[in-house]
Amino acid sequence: MQLRPWARAAVAAVLGAVLGLTPLNLRETPAYAAEDSAPAAAAAEANGDVIVHLFEWPWDSVAAECETFLGPNGYGAVQVSPPQEHVVLRDQGFPWWQDYQPVSYQIESRRGDRAQFAAMVATCRDAGVKIYVDAVLNHMTGSGSVNSGPGSAGSTFTKYEYPGIYGDQDFHGCRRDIANWNDANEIRTCELVALSDLRTGSDYVRGRLAAYLNDLVSLGVAGFRIDAAKHMAVADIADIRGRLDDVPHWGGRPYLYQEVIEDSAISPTEYVGQGDVTDFRYHRQVSQAFRNGSLGGLRDLPGAMAVRGDQAVVFIDNHDTQRSDPTLTYKNGAAYDVAEAFMLAYPFGTPKVMSSFAFSDNDAGPPADGDGMTSPADCSASAWVCEHRHQPIAGLVGFRNAVGEAGVTDWWDGGAGQIAFGRGDRGYAVFNRGSAIGTRTFQTSLPAGTYCDVASGPATDTGCAGDSYTVAADGTFRAAVPADSVLALHVAAPGDGSGPPPTDPDGCTTVATAFHARTTTWFGQNVFVVGSLPELGGWDPARAVPLSSTDYPVWKASVDLPADTAFEYKYVKKNPDGTVEWESDPDRAGRTGDPEGCELTLTDTWR
């Protein structure tokens with residue numbers, strides 16, 4: 001949730017807001033969950049890691065989408081809008097942001113009731129899709145919604161009184177808007193656009209919030225996006241996280257990712273110990289690159305991000321940036337689809353795909369009836385955009401699942417908004433935001449064969465619904481790529497209808513790759529290996545792998561790399577003054593393959 005003038009809307013009269021869990025007395029605090037509690041015995045398995053945000057979709061529609069589209073197309077999780085009781089702002093036309101002003105923790109919102117929510121979670125689980133809830137923990141309602149009650153479950157309230165849940169003492173004493181955005185303490189204890197700021201350092205408040213999340217976990221919710229996380233102290237989130245139960249069916253603790261918008265006072269790196277963070281640098285840099293057609297610099301993307309890829313949830317746009325920072329949205333047409341496809345193909349972060357309702361008024365709520373209850377989502381109607389169904393996006397979800405952890409290989413930069421790259425011997429994709437690419441030869445590491453272009457249509461039992469291309473024995477294929485389009489091939493979408501290639505259950509998943517570099521150095525100088533895979537720093541010398549001088553002049557290190565993956569690498573020397581010396585070109589090339597014992601040694605001499 002970001003700052004916006006309208007949100008000086010928030011709150012009103014209170015009287016009966018009760019949690020929709022087991023009734024709790026105002027000062028009762030749930031006990032901590034045991035840190036070593038065992039995960040569920042029979043864990044379900046998700047399709048993959050791609051999240052789709054079905055923004056403001058009602059629960060029945062989410063359930064149907066999991067069965068009919070998300071599961072079959074490989075989406076791994078749905079981020080749903082806040083399910084707790086919220087304010088109802090009829091006189092403001094039921095804006096979308098009313099849902100981010102909690103009245104109680106009953107599961108009763110404009111999207112449906114508790115029974116519908118629980119049925120949705122179960123249906124999606126059966127389709128291999130997890131449910132992640134957008135959790136509002138930082139605040140309750142705000143002064144702009146005074147006298148708007150009751151809430152969506154019938155509860156009454158005032159800004160600092162929620163009978164049965166919170167009283168005046170449960171809110172921070174700074175009862176004004178944040179004024180100094182260079183002061184981290186003020187950001188975390190004063191009010192975000194007049195929203196009543198919970199005293200999250202209080203043991204009682206932490207217990208109430210954990211009880212709400214655990215109630216959702218008991219229904220099968222597998223993770224949470226923590227809204228406005230930077231407005232909460234890291235210690236508060238850590239305490240709440242420590243109280244969470246294991247997730248039934250999926251097993252393990254809930255997955256957490258936190259909304260942390262970087263500024264001069266607060267860094268996302270402060271929060272990575274509690275879960276992943278939403279990397280807004282990615283949104284700004286990648287969205288801008290595809291808006292302008294300047295794609296060449298994306299090769300070294302990891303080095304420009306706020307956190308590592310394994311700590312980041314990334315996105316081209318979200319429900320806030322669509323309205324407050326609209327660099328690139330569905331309104332940009334094909335350019336947007338190309339950017340989303342790149343996000344899914346490039347190995348950085350956990351991708352989150354946006355799925356919107358159409359809007360021209362930034363405050364407008366979703367399609368609804370006269371009482372503000374959200375209408376069923378209908379992807380055949382213009383009111384629902386359903387970006388996640390666009391073929392270049394849906395097709396690249398399957399691409400991501402098929403290529404797994406394979407690193408970037410065979411990078412090509414055609415200039416003028418045209419790039420292509422492979423994911424080892426698992427996939428290859430071309431992205432064009434420039435003029436049409438005439439027929440040319442592309443070099444890949446794919447095995448010879450015919451492949452479906454999943455950006456133009458899915459693979460079928462008999463072949464391809466879209467275009468198909470034949471890769472020769474040397475890994476090349478010829479294609480023309482229109483402007484504002486994507487071409488994507490991967491090994492799980494063969495063009496002959498034969499299905500994905502068989503896998504060897506006894507084969508390696510990772511290969512212990514030993515790098516042995518013979519080179520002389522002077523005192524204080526050290527040797528590192530850096531390369532195209534995330535495990536090798538993604539070409540960022542600051543993240544290069546250090547080698548040991550124990551067997552000098554041979555410097556050594558071993559790194560676990562994904563099996564059956566081609567990669568490029570070089571050795572670098574770092575001097576005490578911070579300067580870096582690179583080996584001479586060209587880049588070295590390696591391939592892990594599937595070696596006996598899952599071990600590989602690369603022996604090189606500095607050049």
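If you check each cysteine of the chain for another cysteine whose beta-carbon is under 4.7 Å away, which ones come up empty?
none
Could you check the simple spin-label distance between Ala179 and Ala542, using points 7 Å along Cα→Cβ, in nm with one decimal?
3.5 nm
Using a simple charge model, +1 on the beta-carbon of Lys and Arg, -1 on the beta-carbon of Asp and Glu, nothing else, what dipole does the chain show about its Cα centre, in debye to the nearest 20? If you can, show how the numbers build up before the last one.
Details: 45 positive and 77 negative charges, 188 e Å.
Charge dipole of the chain: 900 debye, to the nearest 20.
Given Leu602, Gly74, Val554, which one lies farthest toward the positive end of the charge dipole of the chain, if we put +1 on the Cβ of every Lys and Arg and -1 on the Cβ of every Asp and Glu?
The residue sitting farthest along the positive end of the dipole is Val554.
Pop the C-beta distance of Arg607 and Ala334 into the FRET formula with R0 = 41 Å and round what comes out to the nearest 0.05.
0.40
Describe numerically, in nm with one decimal, the distance between label points set 7 Å from Cα along Cα→Cβ at Cys379 and at Asp496.
In this crude label model, Cys379 to Asp496 measures out at 3.1 nm.
How large is Rg over Rh for segment 510-605, taking Rg from the Cα atoms and Rh as the Kirkwood inverse mean of 1/r across Cα pairs?
With Rh from the inverse mean 1/r over Cα pairs, Rg/Rh is 0.96.
How do His172, His490 line up, fewest other C-beta atoms within 10 Å first? If you can, show how the numbers build up before the last one.
On the way: His172 17, His490 29.
Listed from fewest to most nearby Cβ atoms, that is His172, His490.
Find the relative contact order for the chain and round it to a whole percent, using C-alpha pairs within less than 8 Å whose residues are 6+ positions apart.
Values: 1493 pairs, mean separation 70.6, N = 607.
Averaging sequence separation for qualifying contacts and normalising by length gives 12 percent for the chain.
Specify the angular offset, from 0 to 90 degrees and rounded to the nearest 10, of the alpha carbon long axis of helix 280-292 from the longest principal axis of the alpha carbons in the chain.
Value to nearest ten degrees: 60.
Given H placed 1.01 Å from N in the peptide plane, which residues other than close sequence neighbours of Thr141 have an amide H under 5 Å from its amide H?
Here Ser196 satisfy the definition.
Could you tally up the Lys pairs in the chain with alpha carbons closer than 30 Å? Skip any pair fewer than 8 positions apart unless they're on separate chains.
Taking the Cα cut-off of 30 Å, the pair count is 10.
Could you order the peptides 231-244, 129-142 from most to least packed, using the average number of other C-beta atoms within 10 Å per residue?
Going from most to least packed, we get 129-142, 231-244.
Rounded to the nearest 20 Debye, what is the dipole magnitude of segment 510-605 about its Cα centre when Lys and Arg each give +1 and Asp and Glu each give -1 at the C-beta?
Using Cβ point charges on Lys, Arg, Asp and Glu, segment 510-605 gives about 320 debye.
Could I have the simple spin-label model distance between Ala465 and Asp594, label points 7 Å from Cα toward Cβ, reported in nm to one decimal?
About 3.0 nm, to one decimal.
Provide the per-residue ³J(HN,Hα) series for segment 132-145, in order, calculated from phi with Karplus coefficients 6.51, -1.76, 1.60 and θ = phi - 60°, each as a whole number of Hz, with x at glycine and proline positions.
10, 9, 6, 9, 9, 10, 6, 8, 10, 8, x, 5, x, 9
Length gain on complete extension for the stretch Arg281 to Asp585, per 0.36 nm per residue less the alpha carbon to alpha carbon distance?
Full-extension gain reported as 106.4 nm.
Please list 3J(HN,Hα) in residue order for segment 398-412, calculated via the Karplus relation 6.51 cos²θ - 1.76 cosθ + 1.60 where θ = phi - 60°; whole Hz, with x for glycine and proline.
Computed from phi, the couplings for segment 398-412 are x, 4, 4, 4, 6, 7, x, 8, 4, x, 6, 9, 6, 5, 10 Hz.
For the charge dipole of the chain, defined by +1 on Lys and Arg C-beta atoms and -1 on Asp and Glu C-beta atoms about the Cα centroid, which residue among Thr156, Trp250, Thr321 has the Cα displaced farthest towards the positive pole?
The residue sitting most towards the positive pole is Thr321.
Report the extension gain between Glu186 and Ala358 in nm, rounded to one decimal, defined as 0.36 nm multiplied by the number of residues separating them, less their alpha carbon distance.
Result for the pair: 58.3 nm of gain on full extension.
Under a 5 Å amide H to amide H cut-off, with H placed in plane at 1.01 Å, what residues pair with Val313 once short-range neighbours are removed?
Residues meeting the amide H criterion: Val277, Thr278, Asp279, Thr350.
Counting only helical runs of four or more DSSP H residues, what would the 222 nm mean residue ellipticity of the chain come to if each run contributes -39,500 (n - 2.57) and the total is spread over all its residues?
The helix-only estimate for the chain comes to -4500 deg cm²/dmol at 222 nm.
Largest first and in whole Å, give the semi-axes of segment 51-402's equivalent ellipsoid, each being the square root of 5 times a Cα gyration tensor eigenvalue.
30, 24, 20
Return the sequence-ordered ³J(HN,Hα) values of segment 219-230 in whole Hz as given by the Karplus equation 6.51 cos²θ - 1.76 cosθ + 1.60 applied to θ = phi - 60°, using x for Gly and Pro.
Karplus-based 3J(HN,Hα) across segment 219-230 equals 8, x, 4, 9, x, 9, 8, 8, 5, 6, 4, 5 Hz.
Going by C-beta contacts inside 10 Å, put Tyr330, Tyr552 in order with the fewest on the left.
Sorted ascending by nearby Cβ count, the order is Tyr552, Tyr330.
Return Cys379, Cys386, Cys124 ranked ascending by Cβ neighbour count within 10 Å, so the fewest neighbours appear first.
Details: Cys379 15, Cys386 21, Cys124 26.
Going from least to most buried by this count: Cys379, Cys386, Cys124.
Restricting attention to segment 457-545, which chymotrypsin sites (Phe, Trp or Tyr not before Pro) occupy a DSSP loop and are surrounded by at most 16 other Cβ atoms within 10 Å?
The qualifying sites are Trp522, Phe523.
What is the dipole size for segment 51-402, taken about its Cα centre, with +1 at each Lys and Arg Cβ and -1 at each Asp and Glu Cβ, in debye to the nearest 20? Before the final figure, lay out each step's value.
Details: 28 positive and 45 negative charges, 130 e Å.
For segment 51-402, the charge dipole is close to 620 debye.
When N counts the residues of segment 391-510, how does its alpha-carbon radius of gyration compare numerically with 2.2 N^0.38 Å, as a ratio?
On the way: Rg = 13.7 Å, N = 120, 2.2 N^0.38 = 13.6 Å.
My calculation over the Cα atoms of segment 391-510 gives 1.01.
Every read-out reported here was derived from the displayed coordinates using simple, explicitly stated rules and does not represent laboratory data. Note that the coordinates shown come from a computational prediction; the quantities given were computed from them, not determined experimentally. No Cβ is skipped: glycine too gets one built from the backbone with ideal geometry, and neighbour counts run over all protein chains shown.
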